[in-house]
Amino acid sequence: MSARSTVAVASAAAPEAASSGRDNGGPVGTATNSERLAPASTGAVHRLGPLDEIPVGEARTYAVGDAQIAVFRLRGDVLRAIDAVCPHAGGPLADGQADAEVVICPLHSHVFNLATGESSSGAPPIGCHPVRLAADGRIELTL
Ligand code: FES
C-alpha cells in the first residue's frame, strides 16, 4: 500500500451533524466494527472529509487540533484511525505499507496493529481512535 502524505485539516462537527451518521446496521457495517475495536472515547467528533479522498488500500493524514491522525481505508471500506507519527523516530505512518491488520513504518519498519496500536516489533504503542463513515459519505473521527 502506498499512501499520500498530504495533511488535511479537520473540523469539529456540530452535535446534530455528528449524530446524523450511520449507526449499527448501515451499509458500511465495518465502520461499526472499527468503533468496537478502538478504545472508548468521550471526545469530540471531527468531520475529516469525504471517504472518496482516500483510495481503497491507502491512508491519509489529517490535522485534528494539535494531533496528526492517519486514517486507513481498507477493503470493504473498513476504516482505521491511528496516530500518524511513529513513536520510534517520527516516521509518517500513513506512508507505510499496510494490510488488513498492520502498518509497517516506512522509516525503520516497526509494525503496528491498526486496531489496537500495539507494536509487534518492540516500539511503544500508538493511539487508535474511533472512526466511522457518516451517512453523507464523510469520515467522522472521535478524538
Ligand atoms: S520512525 Fe518508525 S520505525 Fe523508526
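None of the figures in this text is laboratory data; all of them are computed from the coordinates on show. As the structure is a prediction and not an experimental result, all values here were calculated from the model. Glycine gets a Cβ as well: all are built from the backbone with ideal geometry, and neighbour counts include every protein chain shown.
Numbers at a glance
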read-out: Count of the stretch 105-116 residues which are surrounded by 19 or more Cβ atoms within 10 Å (Cβ to Cβ) and either of a type in the set (Ser, Thr, Tyr) or within 18 Å of THR61 (Cα to Cα) (or both); value: 3
read-out: Filter pass, ASP66 being free of Cβ contacts under 8 Å to residues at least 12 places away in the same chain and either touching a Leu at 6+ places or on another chain (Cβ under 8 Å) or within 19 Å of VAL9 (Cα to Cα) (or both); value: yes
read-out: Selected residue [buried (at least 19 other Cβ atoms within 10 Å of the Cβ), closer than 23 Å to ALA44 by Cβ and within 14 Å of the ligand (Cβ to nearest atom)] from ALA59, ALA81, ALA70; value: ALA70
read-out: Residue match in the stretch 114-130 (condition: closer than 17 Å to ALA10 by Cα, touching a residue at least 12 places away in the same chain (Cβ under 8 Å) and within 14 Å of the ligand (Cβ to nearest atom)); value: no
read-out: Which numbered condition GLY76 fails, given (1) assigned to a loop (DSSP other than H, G, I, E, B); (2) more than 10 Å from the ligand (Cβ to nearest atom); value: (1)
read-out: Residue in the stretch 91-101 that is within 16 Å of the ligand (Cβ to nearest atom), farther than 15 Å from ALA8 by Cα, in contact (Cβ under 8 Å) with a residue 24 or more places away in the chain and part of a loop (DSSP other than H, G, I, E, B) present; value: yes
read-out: Condition check for ARG75: over 18 Å from VAL7 (Cα atoms) and free of Cβ contacts under 8 Å to residues at least 40 places away in the same chain; value: yes
